[in-house]
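Coordinate-derived values only; no laboratory data. Everything quoted here is computed from the prediction, not taken from an experiment. Quick reminder, even Gly has a Cβ in these numbers, built from the backbone with ideal geometry, and neighbours come from all protein chains shown.
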Amino acid sequence: MKITCLQENLKYSLNIAQNIIGRNLTLPILNNILLDTEDGRLKISSTNLEIGINTWTSGKIEKKGAITCPAKVLASFVNNLPNKKIEIEVKNNNLTLKCDNYKASLNCLSAEDFPIIPKIDEKPLIEIKNNILREALLGVVGSASLSESRPEITGVLFKFEKGELRLAATDSFRLAEKVIFEISKGSSESRSLIVPQKTIQEIVRVLAEKEGETKICLGVGQILFDMGDTQIISRLIEGQYPDYQQIIPKAFSTQVVLDRGELLSIIRAAAVFSNKTNNIKVFINDGDFEVLSQDPDLGENKSQIKTEVKGKKIEMNFNYRYLLDGLANIGTKQVFIGLNSDASPAVFKPAGDDSYVYLVMPIKSN
């Protein structure tokens, strides 16, 4: 194999591919990435057996071939090269790189030993703009559970319905749901599936630097996110996702609309006195939204926002970190909060926008 390409192009593709690779002592080949020539371009692939990434970069292919190289070593070396042409040549499982006055030689493994990344050739279920998909995924992925005791809630629910995509995630303490209506092309087929949280995090990372659209396709137990010159293929999580919609309140006995910036400020101020328990107390009464936090060693904090309150007075305890996480995903100036009792979930939404809902369960009072 012999290839010439630009350092910035190779660097970009290597950084996409190598991120899913950890240190694997059982299967050392998984510490490598696959370099292959395909249709006049350099194809770079990586896998951890749960997620597979294919990404293509342009270059001059002088001689076709394939090899697997230590991912972290290759990416680190290329990242430190000047932005000039890189010559890559492979002979006898040895890869040589030349760039300006830099030269390196890497011991590699045969491409035949690299695991096969599944191919999904099915027709896309939907096509969606990258910025819309990324924002929606960011709004829900942080609410997925980190505990493997209930595998079905360690991922993000994708519910495909005619003309829309519904995303949801929960760890049983909070829940986030986002409905996307801005779909470029969609199938009339209704499907529900669960995508692992780590896969979603990778997609969000890659989409941050990509314009255009993503095609979502399904295989047998697999899902493909096709972003054009980058593909992410992932296994799906088996199991039935909880019927979470039944716990989303449709009406509220207490309603308040607050300035998002002010709300963030008083919660952060309260957090200073809540580092041991993460617990803050919220009081809502006539014209006041009040937050109280106490620490026996440090003291206490009490902050208020003057606002119009509809409904009855209420007092609730919350984990302030969950509140901050939810507010971080609300981009509007004002936030709607709906509550019913100190034992039922509080609902946070962008004011005037029902496409995003964030629920937080209160902490039971002693």
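Our helix-only sum for the chain, with -39,500 (n - 2.57) per DSSP H run of n ≥ 4 divided by its residues, gives a mean residue ellipticity at 222 nm of -5500 deg cm²/dmol. In the chain, taking the dipole from charged Cβ atoms about the Cα centre, the farthest positive-side position among G59, T214, G155 is held by G59.
Under 12 Å from the 7 Å Cα→Cβ point of K162, by amide nitrogen: which residues of the stretch 184-220? Taking a point 7 Å out along Cα→Cβ of K162, the residues of the stretch 184-220 whose backbone N falls under 12 Å are 187-190. Relative to the longest principal axis of the Cα atoms of the chain, helix 7-18 runs at roughly 60 degrees. What is the helix-to-structure angle for 197-207, meaning the angle in degrees between its Cα long axis and the longest Cα principal axis of the chain, kept from 0 to 90 and rounded to the nearest 10? Around 70 degrees separate the two axes. Calculated on C-alpha atoms, the gyration radius of the stretch 2-113 divided by its Kirkwood radius gives an Rg/Rh of 0.93.
When the chain is described by a simple charge dipole with +1 on each Lys and Arg Cβ and -1 on each Asp and Glu Cβ, the residue from G299, I88, L27 located farthest towards its positive end is I88.
Of the trypsin sites (Lys or Arg not before Pro) in the stretch 53-107, the ones in a loop by DSSP (not H, G, I, E or B) with at most 16 other beta carbons within 10 Å are K64, K84.
Each residue of the stretch 210-217 was assigned a 3J(HN,Hα) from its phi angle through the Karplus expression (A = 6.51, B = -1.76, C = 1.60, θ = phi - 60°), giving 10, 9, x, 10, 10, 9, 10, 10 Hz with x at Gly and Pro. For the chain, the relative contact order comes to 13 percent (Cα pairs under 8 Å, sequence separation of at least 6). Most tightly packed first, judged by the mean number of other beta-carbon atoms within 10 Å of their residues, the peptides 119-130, 134-145 read 134-145, 119-130.
Taking the Cα centre of the stretch 16-139 as reference, the dipole from Cβ charges on Lys and Arg (+1) and Asp and Glu (-1) amounts to some 440 debye. Calculate, in whole percent, how much of the Cα-Cα pair population of the stretch 224-350 lies beyond 23 Å. Cα-Cα pairs in the stretch 224-350 separated by more than 23 Å: 42 percent.
The charge dipole of the chain, taken about its Cα centre with unit charges on the Cβ atoms of Lys, Arg (+1), Asp and Glu (-1) only, comes to about 620 debye. For the stretch 252-314, trypsin sites (Lys or Arg not before Pro) meeting the loop criterion (DSSP other than H, G, I, E, B) and having at most 16 other Cβ atoms within 10 Å: K276, K312, K313. Segment S192..Q294, full-extension length gain: 32.3 nm, with 0.36 nm per residue of separation and the alpha-carbon distance subtracted. Starting from the Cα of K349, draw a straight line to each of the lysines and keep only those under 21 Å, dropping any in the same chain fewer than 8 residues away. Those lysines meeting the cut-off are K159, K178, K250, K281, K306, K310, K312, K313, K333. Ordering I33, I61 by the number of other Cβ atoms within 10 Å of each residue's own Cβ, fewest first, gives I61, I33.
In the neighborhood of T68, defined by Cβ-to-Cβ distances under 14 Å, what is the net charge if each Lys or Arg adds +1 and each Asp or Glu adds -1? Here the count lands on -1.
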